1. Counting only protein heavy atoms, what percent of the accessible surface of the chain is carbon or sulfur at a 1.4 Å probe?
2. With the Cα gyration tensor of the range 400-474 giving a ≥ b ≥ c as the square roots of its eigenvalues, does the rule (a/c under 1.5 for rounded; else a/b larger than b/c for prolate; else oblate) give rounded, prolate or oblate?
3. Taking only protein heavy atoms and a 1.4 Å probe, what accessible area per residue, in Å², does the range 335-419 have with all protein chains in place?
4. Given a cut-off of under 8 Å on Cα pairs at least six residues apart, what relative contact order in percent is computed for the range 540-622?
5. Taking only Cα atoms, what is the 0 to 90° angle, nearest 10, from helix 618-627's long axis to the longest principal axis of the chain?
6. Where in the range 201-240 does the amide nitrogen come within less than 18 Å of the point 7 Å from the Cα of residue 435, taken along Cα to Cβ?
7. Name the residues of the range 223-266 whose amide N is less than 19 Å from a point 7 angstrom out from the Cα of residue 387 along the C-beta direction?
8. Beta carbons within 10 angstrom, averaged per residue: use that to sort the peptides 666-678, 453-465, highest first.
Amino acid sequence: MIMEKQRRDFLKLTGLTGFSLMGAAVIPGYATKKITGNKVSIAANAKQPALNRFPRMVQEYFVHRVREIEQRAEKRRAGIRSKNDALAYIRDVRKKFMDCFGPWPEKTPLNAKVVEILERNNYTIEKVTFESRPDFVVTANLYLPKNKSVPLPGIIGTVGHGRTSKAYGDEQSFAQGLVSKGYVVLLFDPIAQGERIQAVSEDLKPRHGIGTSEHIYAGNQLFLTGESISSWFAWDAIRALDYLLTREEVDPSHIGVTGNSGGGMQTAFLCAIEPRFTMAAPCCWVTTFRRNLENEEPADTEQCLPGVLAAGLDQSDFIACMAPKPVILLSQEKDFFDTRGTAEAYERLKKLYRLLGKEENIQLFTDSGYHAYSKANRQAMYAFFNKATGATTGDTEPEIVLEKPETLWCTAKGQLDIGKATLLSISSKLSAAQKAGRGNPGGEGLKKAVITALKLPDADGLADYRILRPFGQRRKSKHCATYTVETVPGIFSIVYCLSATELFSRVPRKLKRALLYISHRSADAELQEEPFLDELIRQEPDSVVFTCDVRGIGESTPNTCSIGFQDPYGSDYFYAIHSIMLHDPYLGQRTYDVLKVVNWLKFNGYDEIHIAGKGWGALPATFAALLSDHIVQVSLKNALTSYSDIAVAEDYNWPLATLLPGVLKTFDLPDCYRELISKKISQVEPWAAMADQQNL
């Protein structure tokens, strides 16, 4: 049970002690993504929550959690006082990163091919393909200097989120700059970029967008099987290095890696997991996780390594794994990735390098511009790599002549054959294997699997609550009381109680049976216009009716991230992906809210609870019903048919907040529905992977 002092300390820290519970605001219309065939459109949401009295609640809760993690990590870093301490720290963070990335697949034949060679004045460009997994093809360009004595230093160029990927101007520029100085450079397309779009139509058009859009779409889906797109990105890069080292032109004693933005992320990943690199230059990515969270700066799925925050790691720790090898952090003063965090990361690293006797091997260079691998940053990288390799080719960049993207294609149409293996085809096979392996779990085994997947703590103990003044009208009820049940310090589930008489005090205690409705998007809106709820109320004339908005729903819908709640980079995704980094699924947190409200009702005398849920709310309602003996009846509308349906679907429209990482290893929703037959479960209009959620 959480102590009162912890609650007060949290509220004081986040400034929530003085915020008004009574100030109400209308939430602007949200955008809803709808996919019809191959078209993606954004439609205004006609059914938005009417009230939002807690718009900063979820943001400040997550900021508090991440600050606590950072403070503990800083305390540990402060205790590093010797070379042995530094080495022990590096060993520990390396192990933690390997645990976060998970077990790697088997290394299989690369089946590399040189498709074509482009001749230029001082270098050649080989169009290369290789397989990072069986039949999973990677497209790449290999830049080879002419008239140089081999072997030469090799560089893996990791690509940012530019639409043209390896042919993007920044990437071509640093590749040409490096090859002119005698480096062998391999640029490769990441998943969902360049020639590697994973979901395309028959005419090779992207079904789910390019780059960040497909990273989020495919990455969220991949979580269901226990995989992460972060690991897929890293594995492609590891295999790219395997290919580079097959080339006789490359000196394995001098192997570097560099990239900007998403390429800066991949560079940092490789610092943590690939010991064959001897030098690195990440650009425009390294800051701190706290700064990104506080600044409401979302990142797409592959940038958010599962469990990284739970392990107490920060972005500086990716680089720490390279110590004492040479690394230069490159940044931009006007970048959206906070350069204050970059400076903080640099100071942490400088201490480690100093204790290892190589302080000169860690450097920071900040240009004055916006998010880009600028010429100044590139020239700082050339100078740094030249010093590390002993090269004397100079630091000035030669004149760059950019190639047209189609000139650099490895494929005839700029897109891999859709008959080749894709992320979805491979993960669908894994999902099928998991389905065959888990059987039909039930009973206590199923409950244990659900608790483990949701990462649920013990929900016993009475939650405190507040009684707010009445606000607004509710359909089918003359009066309505509003309670805020504090499920954890700083998190309030909003509970409405319908009543024929005015309520200004504690929960009514005359009746023993309660109907508890878990809202889809807003209990306030659904009480006014949801016929399913009207019918439930009609069927329960002798029950006290309660509704519940879990965290981030209804009155606590966040107003953060400056874009629509349901947009790919919106606030719902923002907290769901941070929850995965915290190893604490957002759906688990919301289920915990429901369980605490159920216990709160029990403590207030309600022995029989009929739980109901719609859409997104049907998921925590289902799990709570499975786990709580106080719930005796279950009614669901628009409940998800199964997670397996999403895992193998070409199109789906369930947000990350409703998905449960690793769930398909041990159970699926039909197992839960089957188990709830004993609690008289009824379902209305179940939703499949691609349900018509236009009215979200």
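The values are calculated or read from the model by the stated rules, or taken from the named source; none is laboratory data. A quick note: this is a predicted structure, and the numbers were derived from the prediction, not measured. Because the Cβ atoms are built from the backbone with ideal geometry, glycine has one as well, and the counts that use them run over all protein chains shown. The area values use the complete protein model at the heavy-atom level, side chains included, leaving out ligands, DNA and RNA. Shrake-Rupley method; radii C 1.70, N 1.55, O 1.52, S 1.80 Å.
1. 52 percent
2. Oblate, because a/c is 1.5 or more while a/b does not exceed b/c.
3. Accessible area per residue, the range 335-419: 51 Å².
4. With pairs under 8 Å counted, the relative contact order is 19 percent.
5. Helix 618-627 and the main axis of the chain meet at about 70 degrees.
6. Residues 221-227 qualify, since their backbone N sits under 18 Å from the label point.
7. 254-259
8. Ranked by mean Cβ neighbours within 10 Å, highest first: 666-678, 453-465.
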